[in-house]
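The values are calculated or read from the model by the stated rules, or taken from the named source; none is laboratory data. All figures in this text were calculated on a predicted structure; none of them were measured in a lab. Neighbour counts run over all protein chains shown; Cβ positions are idealised from the backbone, glycine included. Please note that ligands, DNA and RNA were not included when accessible areas were found on the heavy atoms of the full protein model with its side chains. Shrake-Rupley method; radii C 1.70, N 1.55, O 1.52, S 1.80 Å.
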Amino acid sequence: MTAVVRRTRWTAVAAAGAVLAALAVGTAAGPASAVPGPASAVPGPAAAVREADRVPPLDRAAVRDVLAGLPTAEVSGALVRVSGRAGRLDAVGGVGDPATGRAPDADGRFRIGSISKVFTATVVLQLAAEHRLDLGAPVQHYLPGLLPASFPPILVGQLLNHTSGLPNGADGPWGDGTAAWFVDHRFDSWTPERVVATMDGQAMSFPPGTAQQYNGMNTFVAGLLVEKVTGHGYAQEVQRRIIRPLGLHDTSVPAVDDPALAHPAARPRLTVPGPDGTVRRADVTEQSPWPWAEGGLISSAPDLDRFITALFRGRLLPPAQQEALFTVPDVPTHHSSHCETGPAAGRACMSMGLERTTVGGVEIWGKTGSRPGWTSGVFATRDLSRTVVYSLNPTGLDGAETPVILRLAGAVFG
(Lines give C-alpha, C1' and ligand atoms only; values in the text may rest on other atoms or scores of the structure.)
Protein backbone atom coordinates (compact mmCIF):
# COMPACT_ATOMS: atom_id res chain seq x y z
CA MET A 1 0.00 0.00 0.00
CA THR A 2 1.38 3.39 -0.95
CA ALA A 3 1.83 6.33 1.39
CA VAL A 4 -0.89 8.31 -0.36
CA VAL A 5 -3.42 5.53 0.22
CA ARG A 6 -2.49 5.25 3.90
CA ARG A 7 -2.75 8.97 4.35
CA THR A 8 -6.06 9.01 2.51
CA ARG A 9 -7.51 6.35 4.77
CA TRP A 10 -6.29 7.81 8.03
CA THR A 11 -6.35 11.57 7.73
CA ALA A 12 -7.75 12.65 4.39
CA VAL A 13 -10.80 10.48 4.25
CA ALA A 14 -10.90 8.74 0.98
CA ALA A 15 -13.99 6.82 1.88
CA ALA A 16 -16.14 9.90 2.44
CA GLY A 17 -14.37 11.98 -0.17
CA ALA A 18 -14.80 9.32 -2.82
CA VAL A 19 -18.47 8.93 -1.96
CA LEU A 20 -19.16 12.62 -2.38
CA ALA A 21 -17.24 12.61 -5.64
CA ALA A 22 -19.23 9.59 -6.83
CA LEU A 23 -22.48 11.41 -6.09
CA ALA A 24 -21.26 14.53 -7.86
CA VAL A 25 -23.02 15.93 -10.86
CA GLY A 26 -20.20 18.46 -11.05
CA THR A 27 -17.36 19.52 -8.80
CA ALA A 28 -15.25 22.57 -8.20
CA ALA A 29 -13.46 24.71 -5.59
CA GLY A 30 -10.06 26.50 -5.57
CA PRO A 31 -7.40 29.20 -5.02
CA ALA A 32 -7.19 32.92 -4.64
CA SER A 33 -6.10 35.04 -7.56
CA ALA A 34 -2.58 35.28 -6.11
CA VAL A 35 -1.98 31.72 -7.27
CA PRO A 36 -1.10 31.36 -10.98
CA GLY A 37 -3.60 29.78 -13.32
CA PRO A 38 -7.17 30.67 -14.35
CA ALA A 39 -9.94 30.05 -11.86
CA SER A 40 -13.54 29.04 -12.40
CA ALA A 41 -16.24 31.62 -11.80
CA VAL A 42 -17.93 31.82 -8.43
CA PRO A 43 -21.75 31.70 -8.47
CA GLY A 44 -23.29 35.12 -7.93
CA PRO A 45 -26.34 35.92 -5.77
CA ALA A 46 -28.83 34.89 -8.47
CA ALA A 47 -27.12 31.54 -8.89
CA ALA A 48 -27.13 31.08 -5.12
CA VAL A 49 -30.89 31.66 -5.05
CA ARG A 50 -31.41 29.11 -7.78
CA GLU A 51 -29.26 26.64 -5.90
CA ALA A 52 -31.29 27.16 -2.72
CA ASP A 53 -34.47 26.49 -4.66
CA ARG A 54 -33.12 23.05 -5.55
CA VAL A 55 -32.77 22.00 -1.91
CA PRO A 56 -35.63 19.52 -1.35
CA PRO A 57 -37.74 19.27 1.80
CA LEU A 58 -35.90 17.47 4.57
CA ASP A 59 -37.00 13.83 4.74
CA ARG A 60 -36.43 13.17 8.43
CA ALA A 61 -37.75 9.64 8.22
CA ALA A 62 -35.28 8.78 5.45
CA VAL A 63 -32.34 10.03 7.55
CA ARG A 64 -33.50 8.01 10.56
CA ASP A 65 -34.02 4.93 8.38
CA VAL A 66 -30.37 5.01 7.33
CA LEU A 67 -29.23 5.10 10.95
CA ALA A 68 -31.76 2.45 11.97
CA GLY A 69 -29.76 -0.04 9.90
CA LEU A 70 -26.84 0.19 12.34
CA PRO A 71 -24.83 -1.45 13.73
CA THR A 72 -23.37 -3.51 10.91
CA ALA A 73 -20.11 -5.38 10.63
CA GLU A 74 -18.64 -2.33 8.88
CA VAL A 75 -20.10 0.54 10.96
CA SER A 76 -20.88 0.26 14.66
CA GLY A 77 -22.59 3.62 15.11
CA ALA A 78 -23.20 7.06 13.66
CA LEU A 79 -24.55 10.50 14.44
CA VAL A 80 -25.85 13.22 12.16
CA ARG A 81 -26.96 16.82 12.58
CA VAL A 82 -28.92 18.54 9.81
CA SER A 83 -29.86 22.21 10.03
CA GLY A 84 -31.10 25.00 7.80
CA ARG A 85 -34.39 26.28 6.43
CA ALA A 86 -36.18 23.03 7.28
CA GLY A 87 -35.17 23.22 10.93
CA ARG A 88 -32.79 20.98 12.81
CA LEU A 89 -32.54 17.23 13.07
CA ASP A 90 -30.22 15.39 15.46
CA ALA A 91 -30.20 11.64 15.02
CA VAL A 92 -28.05 8.69 16.08
CA GLY A 93 -27.95 5.03 15.22
CA GLY A 94 -26.17 1.87 16.23
CA VAL A 95 -23.95 1.40 19.25
CA GLY A 96 -21.68 4.08 20.60
CA ASP A 97 -20.04 2.07 23.37
CA PRO A 98 -19.89 -1.70 22.87
CA ALA A 99 -19.08 -2.17 26.55
CA THR A 100 -22.38 -0.67 27.68
CA GLY A 101 -24.51 -0.90 24.56
CA ARG A 102 -25.37 2.81 24.73
CA ALA A 103 -26.10 4.74 21.56
CA PRO A 104 -23.71 7.41 20.22
CA ASP A 105 -23.96 10.79 21.92
CA ALA A 106 -25.25 13.34 19.38
CA ASP A 107 -23.47 16.12 21.26
CA GLY A 108 -20.30 14.16 22.02
CA ARG A 109 -16.80 14.83 20.73
CA PHE A 110 -15.00 13.00 17.96
CA ARG A 111 -11.74 13.15 16.04
CA ILE A 112 -12.42 15.19 12.91
CA GLY A 113 -9.36 14.20 10.86
CA SER A 114 -8.94 16.32 7.73
CA ILE A 115 -11.77 18.68 8.62
CA SER A 116 -8.89 20.19 10.60
CA LYS A 117 -7.61 21.51 7.26
CA VAL A 118 -10.50 23.98 7.09
CA PHE A 119 -9.44 25.48 10.43
CA THR A 120 -5.83 25.72 9.23
CA ALA A 121 -6.77 27.30 5.91
CA THR A 122 -8.97 29.83 7.70
CA VAL A 123 -6.09 30.95 9.92
CA VAL A 124 -3.74 31.28 6.95
CA LEU A 125 -6.34 33.32 5.04
CA GLN A 126 -6.79 35.56 8.08
CA LEU A 127 -3.05 36.18 8.16
CA ALA A 128 -3.17 37.05 4.46
CA ALA A 129 -5.99 39.53 5.15
CA GLU A 130 -3.80 41.09 7.86
CA HIS A 131 -0.94 41.41 5.34
CA ARG A 132 1.25 39.25 7.54
CA LEU A 133 1.85 36.86 4.69
CA ASP A 134 1.30 36.89 0.94
CA LEU A 135 -0.55 34.00 -0.71
CA GLY A 136 1.49 34.68 -3.83
CA ALA A 137 4.87 34.57 -2.07
CA PRO A 138 7.05 31.45 -1.92
CA VAL A 139 6.81 29.25 1.15
CA GLN A 140 10.62 29.21 1.13
CA HIS A 141 10.61 32.96 1.85
CA TYR A 142 8.89 32.38 5.19
CA LEU A 143 10.34 28.96 6.04
CA PRO A 144 13.88 28.90 4.62
CA GLY A 145 15.50 25.48 4.86
CA LEU A 146 12.28 23.58 5.67
CA LEU A 147 11.79 22.14 2.19
CA PRO A 148 14.53 20.37 0.23
CA ALA A 149 16.79 22.82 -1.61
CA SER A 150 16.03 21.08 -4.89
CA PHE A 151 12.35 22.04 -4.75
CA PRO A 152 11.20 24.99 -6.88
CA PRO A 153 9.44 28.00 -5.32
CA ILE A 154 6.06 26.93 -3.94
CA LEU A 155 3.50 29.66 -3.29
CA VAL A 156 1.62 29.83 0.01
CA GLY A 157 -1.73 29.69 -1.78
CA GLN A 158 -0.66 26.52 -3.56
CA LEU A 159 -0.42 24.77 -0.20
CA LEU A 160 -4.04 25.61 0.58
CA ASN A 161 -5.53 24.45 -2.73
CA HIS A 162 -3.26 21.41 -3.13
CA THR A 163 -1.56 22.64 -6.31
CA SER A 164 1.91 22.75 -4.74
CA GLY A 165 3.18 19.54 -6.32
CA LEU A 166 4.82 18.46 -3.06
CA PRO A 167 5.53 14.73 -2.82
CA ASN A 168 3.64 12.57 -0.34
CA GLY A 169 6.57 11.84 1.94
CA ALA A 170 7.74 8.48 3.24
CA ASP A 171 5.54 5.85 4.84
CA GLY A 172 6.89 6.00 8.40
CA PRO A 173 3.99 7.74 10.17
CA TRP A 174 1.40 5.52 8.45
CA GLY A 175 3.12 2.17 8.70
CA ASP A 176 1.67 -0.56 6.51
CA GLY A 177 -1.87 0.86 6.57
CA THR A 178 -3.43 -2.10 8.39
CA ALA A 179 -5.63 -2.04 11.48
CA ALA A 180 -3.16 -4.27 13.30
CA TRP A 181 -0.28 -1.87 12.67
CA PHE A 182 -2.31 1.14 13.77
CA VAL A 183 -3.54 -0.49 16.98
CA ASP A 184 0.01 -1.43 17.93
CA HIS A 185 1.30 2.08 17.14
CA ARG A 186 -1.70 4.25 17.99
CA PHE A 187 0.18 6.14 20.71
CA ASP A 188 3.23 6.89 18.55
CA SER A 189 3.79 10.61 18.02
CA TRP A 190 5.46 12.43 15.14
CA THR A 191 6.31 16.15 15.19
CA PRO A 192 5.28 18.21 12.14
CA GLU A 193 8.93 18.84 11.29
CA ARG A 194 9.64 15.12 11.32
CA VAL A 195 6.68 14.45 9.03
CA VAL A 196 7.76 17.16 6.57
CA ALA A 197 11.31 15.78 6.62
CA THR A 198 10.05 12.51 5.13
CA MET A 199 9.94 14.35 1.77
CA ASP A 200 13.74 14.48 1.71
CA GLY A 201 15.09 12.64 -1.31
CA GLN A 202 11.73 12.58 -3.09
CA ALA A 203 10.93 14.32 -6.37
CA MET A 204 8.14 16.84 -6.87
CA SER A 205 4.92 15.27 -8.10
CA PHE A 206 4.40 18.00 -10.73
CA PRO A 207 5.47 21.63 -11.32
CA PRO A 208 3.73 23.91 -8.81
CA GLY A 209 0.45 25.39 -10.01
CA THR A 210 -0.04 22.99 -12.94
CA ALA A 211 -2.27 20.36 -11.30
CA GLN A 212 -4.12 19.51 -8.09
CA GLN A 213 -3.33 16.55 -5.85
CA TYR A 214 -4.91 16.14 -2.43
CA ASN A 215 -1.95 15.85 -0.08
CA GLY A 216 -1.85 16.31 3.69
CA MET A 217 1.79 17.37 3.48
CA ASN A 218 0.55 20.77 2.27
CA THR A 219 -1.26 21.36 5.54
CA PHE A 220 1.63 20.29 7.76
CA VAL A 221 3.68 22.97 6.03
CA ALA A 222 0.81 25.47 6.36
CA GLY A 223 0.65 24.83 10.10
CA LEU A 224 4.37 25.48 10.45
CA LEU A 225 3.89 28.64 8.40
CA VAL A 226 1.28 29.87 10.90
CA GLU A 227 3.73 29.36 13.74
CA LYS A 228 6.60 31.10 11.94
CA VAL A 229 4.58 34.15 10.91
CA THR A 230 2.80 34.65 14.25
CA GLY A 231 5.53 33.54 16.64
CA HIS A 232 2.89 31.51 18.48
CA GLY A 233 1.92 27.85 18.55
CA TYR A 234 -0.60 26.64 15.98
CA ALA A 235 -3.00 25.58 18.74
CA GLN A 236 -2.83 29.03 20.32
CA GLU A 237 -3.70 30.74 17.03
CA VAL A 238 -6.66 28.44 16.32
CA GLN A 239 -7.90 29.00 19.86
CA ARG A 240 -7.56 32.78 19.64
CA ARG A 241 -8.89 33.25 16.13
CA ILE A 242 -11.64 30.62 15.82
CA ILE A 243 -12.43 28.54 18.89
CA ARG A 244 -12.78 31.34 21.45
CA PRO A 245 -14.61 33.91 19.25
CA LEU A 246 -17.16 31.33 18.13
CA GLY A 247 -17.58 29.70 21.54
CA LEU A 248 -16.62 26.25 20.29
CA HIS A 249 -16.49 24.60 23.69
CA ASP A 250 -15.99 21.06 22.34
CA THR A 251 -13.24 21.94 19.85
CA SER A 252 -9.55 21.67 20.64
CA VAL A 253 -6.10 21.19 19.15
CA PRO A 254 -4.60 18.57 21.46
CA ALA A 255 -0.87 18.29 21.98
CA VAL A 256 0.66 15.72 19.66
CA ASP A 257 1.44 13.46 22.63
CA ASP A 258 -2.02 13.75 24.27
CA PRO A 259 -4.22 10.77 23.28
CA ALA A 260 -7.19 11.64 25.53
CA LEU A 261 -10.68 12.30 24.21
CA ALA A 262 -13.02 13.70 26.89
CA HIS A 263 -16.79 13.21 26.52
CA PRO A 264 -16.52 11.09 23.36
CA ALA A 265 -19.50 10.64 21.07
CA ALA A 266 -18.55 6.96 20.89
CA ARG A 267 -15.85 4.52 21.84
CA PRO A 268 -15.02 2.97 18.47
CA ARG A 269 -13.46 -0.44 18.05
CA LEU A 270 -11.31 -1.57 15.16
CA THR A 271 -11.57 -5.18 14.02
CA VAL A 272 -8.07 -6.64 13.90
CA PRO A 273 -7.66 -10.00 12.16
CA GLY A 274 -5.20 -12.38 13.77
CA PRO A 275 -2.78 -14.70 11.95
CA ASP A 276 -4.74 -17.73 13.12
CA GLY A 277 -8.05 -16.50 11.72
CA THR A 278 -9.32 -15.07 14.99
CA VAL A 279 -10.17 -11.40 15.41
CA ARG A 280 -9.85 -8.91 18.22
CA ARG A 281 -11.65 -5.61 18.64
CA ALA A 282 -9.42 -2.82 19.89
CA ASP A 283 -10.74 0.38 21.47
CA VAL A 284 -9.16 3.29 19.55
CA THR A 285 -10.91 6.16 21.35
CA GLU A 286 -7.53 7.17 22.72
CA GLN A 287 -4.87 7.66 20.06
CA SER A 288 -2.12 10.09 19.23
CA PRO A 289 -3.39 13.26 17.51
CA TRP A 290 -0.04 13.75 15.80
CA PRO A 291 -1.66 14.76 12.45
CA TRP A 292 -2.00 18.19 14.12
CA ALA A 293 -2.95 20.99 11.69
CA GLU A 294 -3.56 18.40 8.99
CA GLY A 295 -5.87 16.07 10.88
CA GLY A 296 -5.50 16.16 14.66
CA LEU A 297 -8.38 18.34 15.90
CA ILE A 298 -11.27 17.25 18.10
CA SER A 299 -14.77 18.70 17.81
CA SER A 300 -18.50 17.89 17.96
CA ALA A 301 -21.48 18.12 15.63
CA PRO A 302 -22.85 21.29 17.31
CA ASP A 303 -19.44 22.96 17.12
CA LEU A 304 -18.82 22.05 13.47
CA ASP A 305 -22.31 23.28 12.58
CA ARG A 306 -21.53 26.58 14.30
CA PHE A 307 -18.11 26.80 12.66
CA ILE A 308 -19.27 26.19 9.08
CA THR A 309 -22.18 28.59 9.56
CA ALA A 310 -19.91 31.38 10.81
CA LEU A 311 -17.39 30.71 8.05
CA PHE A 312 -19.97 30.84 5.25
CA ARG A 313 -21.56 33.98 6.69
CA GLY A 314 -18.24 35.81 6.49
CA ARG A 315 -17.68 36.15 10.23
CA LEU A 316 -14.13 34.81 10.01
CA LEU A 317 -12.84 36.25 6.72
CA PRO A 318 -13.14 39.55 4.84
CA PRO A 319 -14.56 39.48 1.26
CA ALA A 320 -11.32 38.93 -0.67
CA GLN A 321 -10.32 35.92 1.40
CA GLN A 322 -13.92 34.68 1.56
CA GLU A 323 -13.85 34.53 -2.22
CA ALA A 324 -10.88 32.16 -2.03
CA LEU A 325 -13.08 29.63 -0.24
CA PHE A 326 -15.41 29.43 -3.24
CA THR A 327 -13.02 29.56 -6.20
CA VAL A 328 -11.31 26.66 -7.93
CA PRO A 329 -8.17 26.55 -10.06
CA ASP A 330 -8.73 25.48 -13.65
CA VAL A 331 -6.17 22.69 -13.60
CA PRO A 332 -6.28 18.90 -13.94
CA THR A 333 -5.93 16.51 -11.04
CA HIS A 334 -2.82 14.39 -10.60
CA HIS A 335 -3.35 10.91 -9.15
CA SER A 336 -5.60 12.47 -6.53
CA SER A 337 -7.89 10.65 -4.11
CA HIS A 338 -10.51 13.35 -4.78
CA CYS A 339 -12.12 14.80 -7.93
CA GLU A 340 -11.78 11.56 -9.92
CA THR A 341 -15.43 10.75 -10.71
CA GLY A 342 -18.50 12.54 -12.05
CA PRO A 343 -18.86 14.76 -15.15
CA ALA A 344 -15.92 16.95 -14.04
CA ALA A 345 -13.69 13.97 -13.29
CA GLY A 346 -10.03 14.75 -13.62
CA ARG A 347 -10.40 18.49 -12.96
CA ALA A 348 -9.70 20.34 -9.71
CA CYS A 349 -12.47 20.29 -7.10
CA MET A 350 -10.81 21.88 -4.06
CA SER A 351 -10.45 25.47 -2.97
CA MET A 352 -8.31 27.07 -0.29
CA GLY A 353 -9.90 25.01 2.46
CA LEU A 354 -13.08 23.51 1.00
CA GLU A 355 -14.26 20.95 -1.50
CA ARG A 356 -17.27 21.40 -3.76
CA THR A 357 -19.52 18.67 -5.04
CA THR A 358 -23.13 18.23 -6.14
CA VAL A 359 -25.50 15.75 -4.53
CA GLY A 360 -28.93 15.22 -6.01
CA GLY A 361 -28.57 18.40 -8.05
CA VAL A 362 -27.66 20.44 -4.95
CA GLU A 363 -24.26 22.11 -4.83
CA ILE A 364 -22.57 21.73 -1.45
CA TRP A 365 -19.24 22.86 0.00
CA GLY A 366 -17.34 21.40 2.92
CA LYS A 367 -14.79 18.82 3.96
CA THR A 368 -14.49 15.20 4.97
CA GLY A 369 -12.19 13.84 7.66
CA SER A 370 -10.99 10.51 9.00
CA ARG A 371 -8.99 8.91 11.75
CA PRO A 372 -9.08 5.20 12.58
CA GLY A 373 -12.47 4.62 14.23
CA TRP A 374 -13.95 7.87 12.88
CA THR A 375 -15.18 9.02 9.47
CA SER A 376 -16.81 12.43 9.46
CA GLY A 377 -17.89 15.32 7.28
CA VAL A 378 -19.33 18.83 7.37
CA PHE A 379 -21.07 20.23 4.30
CA ALA A 380 -23.51 23.01 3.47
CA THR A 381 -25.09 24.83 0.60
CA ARG A 382 -23.38 28.17 0.13
CA ASP A 383 -26.47 30.03 1.36
CA LEU A 384 -26.74 27.69 4.39
CA SER A 385 -30.21 26.55 3.41
CA ARG A 386 -29.01 23.10 4.44
CA THR A 387 -26.04 22.04 6.56
CA VAL A 388 -25.03 18.54 7.58
CA VAL A 389 -22.47 17.19 10.02
CA TYR A 390 -21.97 13.46 10.37
CA SER A 391 -19.66 11.11 12.21
CA LEU A 392 -19.51 7.35 11.62
CA ASN A 393 -17.54 4.71 13.49
CA PRO A 394 -16.10 2.28 10.91
CA THR A 395 -14.69 -0.97 12.23
CA GLY A 396 -11.95 -1.16 9.60
CA LEU A 397 -9.64 0.97 7.47
CA ASP A 398 -10.86 -0.22 4.08
CA GLY A 399 -13.61 2.32 3.34
CA ALA A 400 -16.40 -0.23 3.84
CA GLU A 401 -18.52 2.50 5.45
CA THR A 402 -19.02 4.05 2.00
CA PRO A 403 -22.52 2.60 1.36
CA VAL A 404 -23.80 4.10 4.60
CA ILE A 405 -22.47 7.54 3.66
CA LEU A 406 -24.03 7.18 0.20
CA ARG A 407 -27.44 6.48 1.70
CA LEU A 408 -27.07 9.24 4.27
CA ALA A 409 -26.08 11.84 1.66
CA GLY A 410 -29.03 10.83 -0.49
CA ALA A 411 -31.40 11.11 2.48
CA VAL A 412 -30.13 14.54 3.55
CA PHE A 413 -30.05 16.12 0.08
CA GLY A 414 -32.82 14.12 -1.56
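Relative to the compact-globule estimate of 2.2 N^0.38 Å, the Cα radius of gyration of the range 177-322 comes out at 1.25. With Cα atoms as the point set, the range 282-348 shows a radius of gyration and Dmax of 16.7, 47 Å. Tally up the carbon and sulfur contribution to the accessible surface of the range 46-156 as a whole percent, 1.4 Å probe, everything protein left in place. Here carbon and sulfur together make up 54 percent of the probe-accessible area.
Each label point was placed 7 Å from the Cα along the Cα-to-Cβ direction; for Asp188 and Asp171 their separation is 1.1 nm.
Counting pairwise Cα distances across the range 228-268, what percent come out greater than 16 angstrom?
For the range 228-268, the fraction of Cα-Cα distances above 16 Å is 48 percent.
How large is the charge dipole for the range 145-233, taken about the Cα centre, if only the Cβ atoms of Lys, Arg (+1) and Asp, Glu (-1) carry charge, to the nearest 20 debye? Intermediate results must be reported in sequence, preceding the final value.
Details: 3 positive and 7 negative charges, 54 e Å.
Here the range 145-233 has a charge dipole of around 260 debye.
Taking 0.36 nm per residue of separation and subtracting the current Cα-Cα distance, fully stretching the chain between Glu323 and Asp65 would add 89.1 nm. The residue among Gly361, Gln322, Ala348 whose Cα reaches farthest toward the positive pole of the charge dipole of the range 291-366, with charges on the beta-carbon of Lys, Arg, Asp and Glu, is Gln322.
Taking only the C-alpha atoms of the range 250-367, Rg followed by Dmax gives 18.7, 59 Å.
Only helical runs count toward this figure. For the chain, summing -39,500 (n - 2.57) over DSSP H runs of n ≥ 4 and dividing by all residues gives -8000 deg cm²/dmol at 222 nm.
Going by average Cβ density within 10 Å per residue, which order do the peptides 127-133, 156-162, 213-219 take, highest to lowest? All intermediate terms of the calculation are to be shown ahead of the outcome.
Working: 127-133: 16.9, 156-162: 29.6, 213-219: 26.6.
Result, highest mean first: 156-162, 213-219, 127-133.
Placing unit charges on the Cβ atoms only, positive for Lys and Arg and negative for Asp and Glu, gives the range 84-147 a dipole magnitude near 100 debye about its Cα centre. Rg and Dmax, both from the Cα atoms of the range 94-228 and both in Å, are 17.8, 55. I'd like the Kirkwood hydrodynamic radius of the range 220-295, using the inverse of the mean 1/r over distinct C-alpha pairs, in Å. About 14.8 Å for the range 220-295.
Normalised radius of gyration (Cα atoms, divided by 2.2 N^0.38 Å) for the range 94-163: 1.75.
Averaged per residue, the chain has 35 square angstrom of accessible surface, using a 1.4 angstrom probe with ligands and nucleic acids left out. A simple spin-label model places pseudo-atoms 7 Å from Cα toward Cβ; at Asp107 and Asp257 they are separated by 3.5 nm.
Rounded to the nearest Hz, the phi-derived 3J(HN,Hα) couplings of the range 313-327 under the Karplus curve 6.51 cos²θ - 1.76 cosθ + 1.60 (θ = phi - 60°) are 7, x, 6, 9, 9, x, x, 4, 6, 4, 4, 5, 5, 10, 9, where x marks glycine and proline. Sorted into 10 angstrom bins from 0, the C-alpha pair distances of the range 318-391 split as 18, 46, 33, 3 percent. With a simple spin-label model that places each label point 7 Å from the Cα along the Cα-to-Cβ direction, the separation between Thr271 and Ala137 comes to 5.2 nm. Sorting the segments 252-261, 72-81, 198-207 by their mean number of nearby beta carbons within 10 angstrom, highest to lowest, gives 72-81, 252-261, 198-207. The C-alpha atoms of the range 153-228 occupy a region whose extents along the principal axes are 38, 26, 21 Å, arranged from largest to smallest. Computed on the chain, with alpha-carbon pairs under 8 angstrom and 6+ residues apart, the relative contact order is 33 percent.
Evaluated at q = 0.19, 0.23 Å⁻¹, the base-10 log of the normalised Debye intensity for the range 261-319, with identical point scatterers placed on the Cα atoms, takes the values -0.88, -1.02. For the pair the range 274-322 and the range 79-154, the centres of their Cα atoms are 6 angstrom apart.
Working out 0.36 nm times the residue gap between Asp200 and Asp90, then minus their Cα-Cα distance, what length gain in nm do you get to one decimal? Write out the running numbers ahead of the final one.
Working: separation 110, 0.36 × 110 = 39.60 nm, distance 4.61 nm.
Gain on extension, Asp200 to Asp90, equals 35.0 nm.
Extension gain, Asp330 to Glu130: 0.36 nm times the residue separation minus the Cα-Cα distance gives 69.3 nm.
Arrange the peptides 163-171, 401-409 so that the one whose residues have, on average, the most other Cβ atoms within 10 Å appears first.
Values: 163-171: 23.2, 401-409: 21.4.
Ranked from most to least packed, the peptides come out as 163-171, 401-409.
Each listed q (0.06, 0.07, 0.08, 0.12 Å⁻¹) maps to a log10 I(q)/I(0) for the chain, found by the Debye formula over equal Cα scatterers with no solvent: -0.21, -0.28, -0.37, -0.89.
How big is the dipole moment of the chain about its Cα centre under a simple scheme where the beta carbon of each Lys and Arg is +1, that of each Asp and Glu is -1, and everything else is neutral? Debye, nearest 20, please. Please report the intermediate quantities before stating the final value.
Values: 35 positive and 36 negative charges, 163 e Å.
It comes to approximately 780 debye.
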